[in-house]
Amino acid sequence: MRRVVVVGCGNPDAGDDAVGLLAVREARPRLEALGVRVVEGAIGPDLSDLLADADAAVLVDAVRTPGGEREPGTLVRVVGGPEGLPGEVGVPLSSHGFGVGEAVALAAALGQAPEVVFLGVEAADVTVGRPLSPAVRERVPELVRSLFAEAERLVAVA
């Protein structure tokens, strides 16, 4: 069986930045029933290590498109390649300067990047102490369905 990891990224106390964590938390029982490893909150080098130990990964996070080209709540799906995540994904949010994009790029540079699917939601408000914005909150059920479908597909690949 393929080693698949699903990682929810974000800050649970910063508005829309919590969306990856919340979606993964909601999907956890169904994901674990598939035999998927589920991790909430990995960042930076920890995320690179998780990627190195997997055959495939689904990463879930809030994103911000430079220049605000996408409407808040827009779902984003991008498949990572040998160089990591393409630039058009936008900027997965990180308050640490070493976020999802950097972790995938590091794993790729070390030759340890598995197949990576990034699922994101365009953020509206990442203010500390705020709840999810309405635009992002209404997309959580669809994000959960998408992440489960991706995990199910990745587990089934021989």
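Quick notes
- Amide N proximity, segment 1-28 versus Glu115 label position 7 Å along Cα-to-Cβ, cut-off under 15 Å: 1-6
- Of the residues Arg139, Arg2, ranked by 1.4 Å probe accessible area with the largest first, the sequence reads Arg139, Arg2.
- Fully extended contour minus Cα-Cα distance, from Arg25 to Val79, at 0.36 nm per residue: 17.2 nm
- Gap separating the Cα centres of segment 6-30 and segment 131-155, nearest whole Å: 9
- Amide N proximity, segment 58-73 versus Arg130 label position 7 Å along Cα-to-Cβ, cut-off under 13 Å: 72-73
The values are calculated or read from the model by the stated rules, or taken from the named source; none is laboratory data. Predicted, not measured: the structure shown is a model, and the values here were computed from it. Here the Cβ is made from the backbone with ideal geometry for all residues, glycine too, and neighbour counts use every protein chain on show. These area figures cover heavy atoms from the full protein model, side chains too; ligands, DNA and RNA do not enter into them. Shrake-Rupley method; radii C 1.70, N 1.55, O 1.52, S 1.80 Å.
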